[in-house]
Every structure is written in structure tokens, then in C-alpha cells.
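A.B. asks: Let me begin by handing over the structure; questions about it come next.
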Amino acid sequence: MTRRLLPVALLLLAACRTGGRPSTAPAPVTSTRAMVQQTVDSVLRAPMWRNARWGILIVDPATGDTLVSHDADRLFMPASNQKLLTGAIALNRLGPDYRWRTPILLQGTQTGAVFRGRVLVQGSGDPSVSDAMRGGRAASAFDPIVQALRARGITQVVGSVEPFGDAMPGLTTGYGWAWDDFDAGYSAAIDELLYNEGELYLRVRAGAKSGDAVTVERAPTRGYPPVRVDARTVAKAAPGNGTARPPRVQASYDSIGHTVIVSGALAIGDSARLTIAYRHPNDAFMAALHETLADAGVQVTATALTAVDTATRRLDTLVVLESPRLADVLKRMEKPSQNQMAELFFRTTALATTGSGSTDSAQAVGARTLAEWGIDAQDIAYRDGSGLSRHDYVTPRAVVKVLEAMRTSPHAAVFRESLPIAGVDGTIGSRMRGTPAQGNARAKTGTLDKTRSLSGYVTTADGRTVLFSLLCNNFTVPNREVERVQDLLVAMLASRPLGGGEAIGARASGSR
């Protein structure tokens, strides 16, 4: 805690640091509410927050009591706290056992080992075709296609292997996303076909001597997108020259977003790993599928097809690819705060319930679900699924209402287990360590420029579940200062008995 925070906050933070266990010293049951309120009042009076906006709501759902409320009905930019809403709505509408299905269709004729016609991939927004969810090999999702072709004896396709349908029409980026982030993996475009969560990895290696071009290897697609290498190898800096900036390389797209340009310099013997977005998600998916077929010995000979080849031919289902359960994909979305998955949850919920995966449909389905939980248009502006949009707004009270709706939902355990655990994993894996909140609090973070959010559940020393939403906008201090305040409040709640009412869950239920 910095010196700019008031002494009471320092003392309370120290009191919370009990090695991850509740303090054995007796604490007055009636003092916890007053202590939390006093801390909030003291912290928010500090000069460092004079230009910031804090929205705070802490609620005891067992009694309905509000422990702390500060601007809880004002709108704040939530950043990735938006994913709490997106995940909750998807669980409510689709259920934890939902699976994305991607039919692979044949249109044409087979003669011996040759299929002449089109192999069609009908995407529905499966977010799980990634290294992270496929054991380090995203392309393993295509293994059923290879197996089905082999079962039919097909070793050559004369015609095309191409995407089919437009399940998610409209823009492939979210409303109000920053255009200068589009090359970044966290801001990758999405569509009904997505490969490796929209991320391309580049391994760049220096040449053998000064002036040589660097070499670039792509993964998980090996040949897509095209790469132009403008970077060169340079000599290593002389020993002792600690002020010289080391050579570095960067990757960006050309003006039309089709060719990656690797520029800059690398010193002899050095290498770098870069991450850049796939700008055209359907193309990346199809490039990966083409590579998988080639590796399996299935030759694809591209040729123009005549009307007689396809017009009168029915669609024949070769195989249907299936994702893991939504409950499993949800963890991958919430814990590391994966934006592209969140966007596909957002639009899949609309596709499955209305037949349209457009952004407008997703917003409408979201608004209806939130209204069922008592959240109206004055409480929220729900523009995308991830929170990347700076046009998303929500009140702390709306966030707490979502948390409460999921606490009492049949899917409560699935939702809670998907959230990051303080001091253990996800985006709060390094926060609140050494406090009673470690292994206890489950909460979602949110970060954009001038925005820092933390909302979720924490279990008190007497086994009571508390709901909290701590949103901060428009600050000019470092992000870590906001986190200190958020962590202080959550750790304080975890360290003391709440008192009053009945315990609604053992402390152990908040960890795993």
C-alpha cells in the first residue's frame, strides 16, 4: 500500500495478512460491517482518488443486507467484468452441456478414391478449436474429418474445401473496438469459424551473419498468412554498452490486412516469439484444415466446378465436429479472460435461441435475460461479449444482481468454478496471496485504459458468502494502486466473521 493511502487502510491490510487462514484472535462479530465501511470511506478520501470514480457494492445475500454502497447505481465501464454477464447469460440460455456442432458436408460424387465436388464446413462459432483446448494441437479438432474420409476411401478431392453458410453475419469485430488493436491477439476478429482463438505465433530467428534476413516460422498454421520479411540480422552490441537498446523485431499487417510484415532487427544468435491476430478468421480455419488434409495424405486439387457437378447434388453429411461441453469451455473463457471466446459465447447464445448470430440479436437476447434478473436499460449498455468495447456500461448493482442470479441458479457450481481463484489461478492467480482470500475468493477482473474491475464471491470467516462489485474508472494512478484497494476489501471480508443470520456455506466450499 502506498503512503498516499490513509493509515487505517494500511493497518487493516496488515490485519488481513494471516498466512491464508482466518485470524485466531477473537473479533467482534458486529464490527465487520463498520470496519469495511470505514475502510471504504478512508480510502476514497485519499488525494490519489480525487479524479477517479469508484463504484462499490458489497451485499450479504442471505439477509439481503447491503454492507457497503458507493455510487452503486451509476454506470461504469466494466472492461472484462462484462464476461460475468456473457457467461451467466450463456449458461442460463444454453445450459452447461451445450456443445457447438460443425457439420462437414459433401456435395458431389465419388468415383473410387476420388471425390469430385465440394467439401463444405458449416461453422456455428465453436470457440474450442485451439491449442489451449486441444492438448496443444488445435488441428486435432480435424481428426474426425480425416477418419471419415478414410472410412469412405477418399484420398483425393477435386473441387474445393470451403466454408459454408453465414451463421454470424455482420462485422467480425465488436462494436467500438479500438482499430489500432486489431493486430493484437486479444483483439482478434471472430466469425462462425475461429482457429486457435484468433492467434498466430511467429518464431523469428536471426541469421548467421550481419546483414542476413531473419527467418520466420508460423504456428499453428505453417503457410498462412503470407509473410514478408523486412527484418535483418545485426552484430551483437559490444560488451559493457549497457545504454544501447537491444535490437528487436515486430510484426504488423499491410494496409489490406492480408500479409504480415516482420520488420526491425535481431542480433546474431537471438530469437523472438511474436503473437499477432489472424485478421480473417474463416480463412485461417480453412488454411489449417487444408494443411491437416495434406498431412494426412488427402490431396485437394482446386478446380472450378460446373453447375452439373453441384446443382443437383444433395448435401451429404460426412461427419459432425463437436466441441467440449460449454461448462469446460466457460473455464477457458473466464479464468484467463479470453476475449474471442466471450464474443462467440455472446453470439452463439443468440444463434441457438433466435436462429441469428448477429450482434443485434445477441444484444437483444442479453437484454431480455438481464431484464428477467431485474436489470433494466438504465442499469446497463450491453454492446459486446468481452468488454473490449468502450461503449459497454454497467452499474455495480447490476453486476451483483447477476452474481445473485447465478448463486441461486441450478448452474451455480458451474458458474462459480469457472471464475479465477484468488492466489491460485486465472487473472487473480498472483493476487491476495498470503491472505484469507487466497483459495477462497472467486472473482472476475477487468482492465482497459483508466478502467479496473473486480467482482465476484468471497466466503467470510463464519462461512457466509458475500457478493461484491468493485469498479473503478477515470483514475490516473497505476493500475496496481486500484488493485490494492480491491484486494484489501476482499481480503478483509475473508478474514473476519460477518455475524448475524446463518452460515450458508463452509469456508472450504470457496476453495478447491
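The values are calculated or read from the model by the stated rules, or taken from the named source; none is laboratory data. Model, not experiment: these values are computed from the prediction. Here the Cβ positions follow ideal geometry from the backbone for every residue, glycine too, while neighbour counts run over all protein chains shown.
A.B. asks: What do you reckon, is residue 324 under 24 Å from the mean Cα position of the chain (by Cα) and either within 26 Å of residue 79 (Cα to Cα) or among the small types (Gly, Ala, Ser) (or both)?
C.D. replies: Values: under 24 Å from the mean Cα position of the chain (by Cα): yes; either within 26 Å of residue 79 (Cα to Cα) or among the small types (Gly, Ala, Ser) (or both): no.
The answer is no for residue 324.
A.B. asks: Can you name the strands (runs of 3 or more DSSP E) wholly within the range 97-171 that have at least 1 residues being outside the structural domain of residue 332 (by TED's automatic domain parsing), buried (at least 19 other Cβ atoms within 10 Å of the Cβ) and charged (D, E, K, R)?
C.D. replies: 114-121
A.B. asks: I need the full set of residues from the range 176-186 which are part of a loop (DSSP other than H, G, I, E, B) and either buried (at least 17 other Cβ atoms within 10 Å of the Cβ) or in contact with a Phe, Trp or Tyr (Cβ under 9 Å, 6 or more places away or on another chain) (or both), in order please. Spell out how you get there, then give the answer.
C.D. replies: Step one: filter the range 176-186 for residues part of a loop (DSSP other than H, G, I, E, B), giving 176-178, 182-184.
Correct list: 177, 182, 183.
A.B. asks: Step by step: first the residues of the range 277-334, then only those that are in a loop (DSSP other than H, G, I, E, B) and among the charged types (D, E, K, R), then the one that is modelled with the lowest pLDDT. Which residue is that? I'd like the intermediate steps shown before the answer.
C.D. replies: Looking only at the range 277-334, we keep the residues that are in a loop (DSSP other than H, G, I, E, B), and these are 278-280, 296-298, 303-306, 311-315, 323-325.
Checking which are among the charged types (D, E, K, R) leaves us with 279, 313-314, 325.
Values: 279: 96, 313: 69, 314: 86, 325: 98.
Checking each candidate, the answer is 313.
A.B. asks: Just to verify a result, which residue in the range 418-432, among those that are in contact (Cβ under 8 Å) with a residue 24 or more places away in the chain and more than 18 Å from residue 333 (Cα to Cα), is surrounded by the fewest Cβ atoms within 10 Å (Cβ to Cβ)?
C.D. replies: For the range 418-432, the residue satisfying everything is 423.
A.B. asks: Select from the range 347-384 the residues that are in a loop (DSSP other than H, G, I, E, B) and within 18 Å of the chain's Cα centre (by Cα) and list them in ascending order.
C.D. replies: Quick first cut of the range 347-384, residues in a loop (DSSP other than H, G, I, E, B) only: 355-358, 373-379, 382-384.
Answer for the range 347-384, where residues must be in a loop (DSSP other than H, G, I, E, B) and within 18 Å of the chain's Cα centre (by Cα): 382, 383, 384.
A.B. asks: On the given criteria, is residue 404 in a helix (DSSP H, G or I), under 20 Å from residue 173 (Cα atoms), out of contact with any helix residue (DSSP H, G or I) (no Cβ under 7 Å at 6 or more places or on another chain) and in contact (Cβ under 8 Å) with a residue 40 or more places away in the chain?
C.D. replies: Judged against the criteria, residue 404 is not a match.
A.B. asks: Going by the conditions given, is residue 469 at pLDDT below 95 and among the hydroxyl-bearing types (Ser, Thr, Tyr)?
C.D. replies: Details: at pLDDT below 95: no; among the hydroxyl-bearing types (Ser, Thr, Tyr): yes.
For residue 469, the condition - at pLDDT below 95 and among the hydroxyl-bearing types (Ser, Thr, Tyr) - is not met.
A.B. asks: With the condition kept exactly as written, say whether any residue in the range 385-401 is of a type in the set (D, E, K, R), without any contact (Cβ under 8 Å) to a residue 40 or more places away in the chain and in a helix (DSSP H, G or I). Full working, then the answer.
C.D. replies: As a first pass, look at the range 385-401 and keep what is of a type in the set (D, E, K, R): 390, 392, 397, 401.
Still in the list and also without any contact (Cβ under 8 Å) to a residue 40 or more places away in the chain: 401.
Checking which are in a helix (DSSP H, G or I) leaves us with 401.
Yes, the range 385-401 has at least one match.
A.B. asks: Run down 359, 348, 353, 317 and say which single residue is of a type in the set (S, T, N, Q), in contact (Cβ under 8 Å) with a residue 24 or more places away in the chain and touching a strand residue (DSSP E or B) at 6+ places or on another chain (Cβ under 9 Å). Before you say what the answer is, go through the steps one by one.
C.D. replies: Numbers: 359 fails: touching a strand residue (DSSP E or B) at 6+ places or on another chain (Cβ under 9 Å); 348 fails: touching a strand residue (DSSP E or B) at 6+ places or on another chain (Cβ under 9 Å); 353 fails: touching a strand residue (DSSP E or B) at 6+ places or on another chain (Cβ under 9 Å).
Going through 359, 348, 353, 317 in turn, just one is of a type in the set (S, T, N, Q), in contact (Cβ under 8 Å) with a residue 24 or more places away in the chain and touching a strand residue (DSSP E or B) at 6+ places or on another chain (Cβ under 9 Å): 317.
A.B. asks: Would you pick out the residues in the range 39-53 that are of a type in the set (D, E, K, R), farther than 14 Å from residue 473 by Cβ and either part of a helix (DSSP H, G or I) or touching a strand residue (DSSP E or B) at 6+ places or on another chain (Cβ under 8 Å) (or both)?
C.D. replies: Result: 41, single match.
A.B. asks: Also: Here are some residues: 245, 228, 203. Which one is out of contact with any helix residue (DSSP H, G or I) (no Cβ under 6 Å at 6 or more places or on another chain) and in a loop (DSSP other than H, G, I, E, B)? Before the answer, list the steps.
C.D. replies: On the way: 228 fails: in a loop (DSSP other than H, G, I, E, B); 203 fails: in a loop (DSSP other than H, G, I, E, B).
The unique qualifying residue is 245.
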